[in-house]
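Here the structure is laid out as structure tokens; the discussion comes afterwards.
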Amino acid sequence: MTIRHHLSNELIWAYSVGELPEAFDLVIATHVSMCDECRARLESLNALGGAVLEHVELADMDEDALHRTLARTQGVGDIRGRGKDAIRADLPGTPVLPQPLRDYVGGDLAQVAWRPVGGGVRQAILPTAKGATARLLSIPAGAAVPDHGHRGTELTLVLQGAFADETDRFGPGDVEIADEDLEHSPVAEAGETCICLAATDAPLRFSSFLPRLAQPFLRI
Amino acid sequence: MSKQEADWVACMQAITLHQDQDAFVALFRHFAPRVKSFLMKSGSSDSLAEECAQEVMATVWNKADRFDPSRASVATWIFTIARNRRIDAIRKQRRPEPEDLTWGPEAEPDQADVMALQQESEKLNKAIADLPAKQRELIERAYFGDLSHSEIAAETGLPLGTIKSRIRLALDRLRHAMG
């Protein structure tokens, strides 16, 4: 997989300090799962957090803190095989969705609860905290997502297939960062259904009349 | 600071290999008061910070086998656990994390990579200490969640490029070992 479109420094930084809405965190965690270059960038910014922790002044722990902490411990590695790892073990073959997304879907692509939104396009809203919305999109090969602009930032990460819009082509692992100024109409490439993860921090505003009516149902 | 990064890495290995409680006590004495302070500076009360710091330190023990000393210092790894606890407990938000990449039971990181990362971490610690107080405070406040990301650029003037290259190299080796 050759990734050409990476995360911006600002996004990785905001993820490292922990100040992004959950929906954006999900896009970043998923992209980093697919992209070792951005993983290295993220981990180097985490190192800055480590240095900050090392320099912080000390707070007094309660007298029995160590004792109570030890009471919370299990055998090292005992927590393996629970939770998210259990989901991985249940899946046959190589999953299409990276681990962080599988945690939200509760499985791989086959487990996604798709809803049709017109033109053969399907979507699934993922449960995240308020402030931004995350959704999976399935766009049939050759089909278009209606023209839309954004009131805030939209991140779109390609998981399978590819799409192209006025700015460029985006293939697996690529992330498009669209701000308010971009009015675009992404079209899925011929060949394979395009699966994307998209996060928006404000509802999309569609350019043409009909999709605007559809927007409340789209919830995007 | 009497102990060096190499000592903390040795403590982590003693926990993973021998479930060594003395090693954990050494880590606890150094890091628990820092984690608690970090959480209080991030806006939590004394009692919530105490509770969360204990949970963070318990996670250090429970997940010790996930720590990769060729990609992170012990302080960095503990910072990520504390930050995620803060998001969870204070902002009441789930924190999606990238897919875990860990050395399996057989393979382990190259000692040269581990030492190179320790040196880079110590250089970064020193570089932060040497920053003008105002600039250092700005970075600290960003990590305490006290600034919106738009208020501070990701350009810090710190030697992050070299540490990134080291981590990238370690990731390539890990991918190779994972086959």
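Put simply, the C-alpha atoms of the protein assembly as shown give a gyration tensor, and the ellipsoid matching it has half-axes of 38, 23, 20 Å, longest first. Note on chain B: GNM, Cα springs under 10 Å; of B:Ala23, B:Ala32, B:Ala107, the largest mean-square fluctuation is that of B:Ala107. Would you work out if region A:33-76 is rounded, prolate or oblate? Take a ≥ b ≥ c from the square roots of the eigenvalues of the alpha-carbon gyration tensor; rounded if a/c is under 1.5, else prolate when a/b is larger than b/c, oblate otherwise. It comes out oblate by the Cα gyration axes. Inter-label distance, B:Ala133 to B:Met115: 3.9 nm, where each label sits 7 Å from its Cα along the C-beta direction.
A cysteine counts as unpartnered when no other cysteine's C-beta lies under 4.7 Å of its own; in the protein assembly as shown this applies to A:Cys194, A:Cys196, B:Cys11, B:Cys52.
Assuming R0 = 41 Å, what is the FRET efficiency of B:Ala107 and A:Arg169, from their Cβ-Cβ distance, to the nearest 0.05?
0.65
Between A:Leu182 and B:Val25, the simple spin-label model (points 7 angstrom out along Cα→Cβ) gives 5.6 nm. The mean number of Cβ atoms from other chains found within 10 Å of a Cβ in peptide A:58-68 is 6, as a whole number. The phi-based Karplus calculation (6.51 cos²θ - 1.76 cosθ + 1.60; θ = phi - 60°) puts the 3J(HN,Hα) values of region A:114-130 at 6, 10, x, 10, x, x, x, 6, 10, 9, 9, 6, 9, x, 9, 5, 4 Hz, whole numbers, x for Gly and Pro.
On full extension, the segment bounded by A:Glu10 and A:Arg151 gains 48.9 nm, given 0.36 nm per residue less the C-alpha separation. Taking the empirical scaling 2.2 N^0.38 Å for compact globular proteins as reference, region B:1-121 has a Cα radius of gyration ratio of 1.07. Sorting A:Met34, B:Met12, A:Met1 from the fewest to the most surrounding beta carbons within 10 angstrom yields A:Met1, A:Met34, B:Met12. Between A:Gln160 and A:Glu37, the C-beta separation translates, for a Förster distance of 25 Å, into a calculated FRET efficiency of about 0.80.
For a footprinting-style exposure proxy, rank B:Arg71, A:Arg135 by other Cβ within 10 Å, fewest first.
On the way: B:Arg71 27, A:Arg135 20.
So the residues, fewest neighbours to most, are A:Arg135, B:Arg71.
Counting neighbouring beta carbons within 10 Å and listing from fewest to most, the residues A:Ser16, B:Ser37 come out as B:Ser37, A:Ser16. Fully extending the segment from A:Glu57 to A:Ala124, taken as 0.36 nm per residue of separation minus the present Cα-Cα distance, adds 19.6 nm.
Return the subset of B:Lys134/B:Lys164; B:Lys92/B:Lys134; B:Lys63/B:Lys126; B:Lys41/B:Lys63; A:Lys130/B:Lys164; B:Lys36/B:Lys63 for which the Cα-Cα distance in this structure is over 22 Å, preserving the input order. With Cα atoms farther than 22 Å apart: B:Lys134/B:Lys164; B:Lys92/B:Lys134; B:Lys63/B:Lys126; B:Lys41/B:Lys63; A:Lys130/B:Lys164. Look at the stretch B:76-88: the mean tally of other chain Cβ atoms within 10 Å of its residues' Cβ atoms is 4.
Partner shielding of B:26-37 amounts to 4, given as the average count of beta-carbon atoms from other chains within 10 Å of each residue beta-carbon.
All of the numbers you see were taken from the coordinates with simple rules; none came from a lab. All figures in this text were calculated on a predicted structure; none of them were measured in a lab. Ideal geometry is used to build each Cβ from the backbone, glycine not excepted, and the neighbour counts take in all protein chains shown.
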